[in-house]
Amino acid sequence: MNVRDEARRAATLYYLHDETMATIAATLGVSRSTVSRLLKHARETGLVRITVDTTVDAARQSAERITTRFGVRTHIVEVRDSAPEHVRLDQVARVAARLLADWVEPGMIVGVAWGTTVSAIADHLPRRPMTGVQVLQLNGSARSRPAGVRYAQELLSAVAEAFDADIAYFPTPAFFDYVESREALWRESAVRELLELRKRTQLAVFGVGATAGTLASEVYRAGYLAPDDIRELHRERVVGDVCTVFLRRDGTYADVAINARASGPTPRDLARIPRRLCVVVGEHKVPALLGALSAGVATDLVLDQRTASALLRSQDPR
């Protein structure tokens, strides 16, 4: 057996099988000093390549930079770079579900905005039954086809089941046809009670909607918006939405006309909620995420490393 073969065998036993120097020496019939020289030869000739996994440090550094820049507690989920977006969403949703479950307490009002991301979170919520929890639908879901209501109801039911909670549905359209219709309904006593409940919400969970991408957001792909609405959003330079309230990249939203017909809470409304969990996956959502963070919608942010890196690159002046 030549030196290279001996070095390969010694390295296999040491690095892959976790054998001691003494055991390897006995197996090969050589001294421990010879084993040491063989391992050194394996490293120097490339038979063994030692690397240090820096992904954890990279994620921590990215989280610290995002926290410093935007003032949110940032949780970055490590997902392999080559993972497709639906896999990234699933893994991020698992982490977000654990955080949400840890934060819910007895007697709490939990606000839930329907959407693709929150649906994924609901799928992974562990069972934690507790007393007095209410799950509140933050934004209306009705549209011309009834599937939107069923979709929101199933999502809220999954969240409520995890905590043995009661559900307060928000039975309004996602978007009203007329501003006057929204204003009239907002004066109804039953709706006023729900809006008051929204003001008392202590924990909210939501995603960020984007107008494009491989996993298009529910509000854009499921027929909630008419073609004229889409054209208006483009003219207004809208990049996405939070709770079906549309934002520009700089976080402005108050003068976007369609928002006067939207049923969801504005960023200003959300800011009254003590803890607000925003979960985002996908580089295509970065402009919308920038708008959301600029508007101050979140206290906590959960995202994957690729999305975090894209967010930080968008802030790089070079």
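A crude spin-label estimate for the pair residue 67 and residue 101, with each label 7 Å from Cα along the Cβ direction, gives 2.4 nm. For the range 1-111, the square roots of the Cα gyration tensor eigenvalues, ordered a ≥ b ≥ c, give a/c of at least 1.5 with a/b greater than b/c, which places it in the prolate category. For the chain, the antiparallel share of DSSP beta bridges with both residues in that region comes to about 20%.
Contact order, relative form, for the chain: 19 percent (alpha carbon pairs under 8 Å, 6 or more residues apart, mean separation divided by residue count). For the chain, the 222 nm mean residue ellipticity estimated from helices alone, with every DSSP H stretch of n ≥ 4 adding -39500 (n - 2.57) and the total spread over all residues, rounds to -13500 deg cm²/dmol. When +1 charges are put on Lys and Arg Cβ atoms and -1 charges on Asp and Glu Cβ atoms, the dipole computed for the range 3-44 relative to its Cα centre reaches about 140 debye. Axis of helix 32-44 versus longest Cα principal axis of the chain: the two differ by about 50°, to the nearest ten degrees. Per-residue packing, averaged as other Cβ atoms within 10 Å, sorts the ranges 284-297, 21-34 into the order 284-297, 21-34, beginning with the highest. About its Cα centre, the dipole of the range 71-122 is roughly 20 debye, where the only charges are +1 on Lys and Arg Cβ and -1 on Asp and Glu Cβ. Once the Cα-Cα distance is subtracted from the 0.36 nm per residue extended length, the residue 315 to residue 255 segment shows a gain of 19.1 nm. Using only the C-alpha atoms, the convex hull of the chain corresponds to 177 Å³ per residue. Dipole of the chain computed with +1 at Lys/Arg Cβ and -1 at Asp/Glu Cβ about the Cα centre; of 29, 170, 15, farthest Cα towards the positive end is 29.
Multiplying the residue separation of residue 17 and residue 123 by 0.36 nm and subtracting their alpha-carbon distance yields 34.3 nm. A cut-off of 5 Å between modelled amide H atoms, ignoring neighbours fewer than 5 places along the same chain, links residue 204 with 111, 275, 276, 277. Quick check on the range 195-318: take the gyration tensor over C-alpha atoms, sort the square-rooted eigenvalues as a ≥ b ≥ c, and tell me if it's rounded (a/c under 1.5), prolate or oblate. In terms of gyration-tensor shape, oblate. For the chain, the longest principal axis of the C-alpha atoms and the axis of helix 189-199 are separated by about 30°. Taking a ≥ b ≥ c as the square roots of the eigenvalues of the Cα gyration tensor, the range 3-44 is classed as oblate, since a/c reaches at least 1.5 and a/b does not exceed b/c.
Charging the Cβ of each Asp and Glu at -1 and of each Lys and Arg at +1, and nothing else, the dipole of the chain about its Cα centre rounds to 820 debye.
Taking springs between alpha-carbon atoms closer than 10 angstrom, which of 242, 79, 302 fluctuates most in the Gaussian network model of the chain? In the Gaussian network model the winner is 79.
Computed from the coordinates by the stated procedures, all read-outs in this text should not be read as laboratory data. The structure displayed is predicted, hence computed values, not measured ones. In this analysis, Cβ positions are derived from the backbone assuming ideal geometry, glycine residues included, and neighbour counts consider all displayed protein chains.
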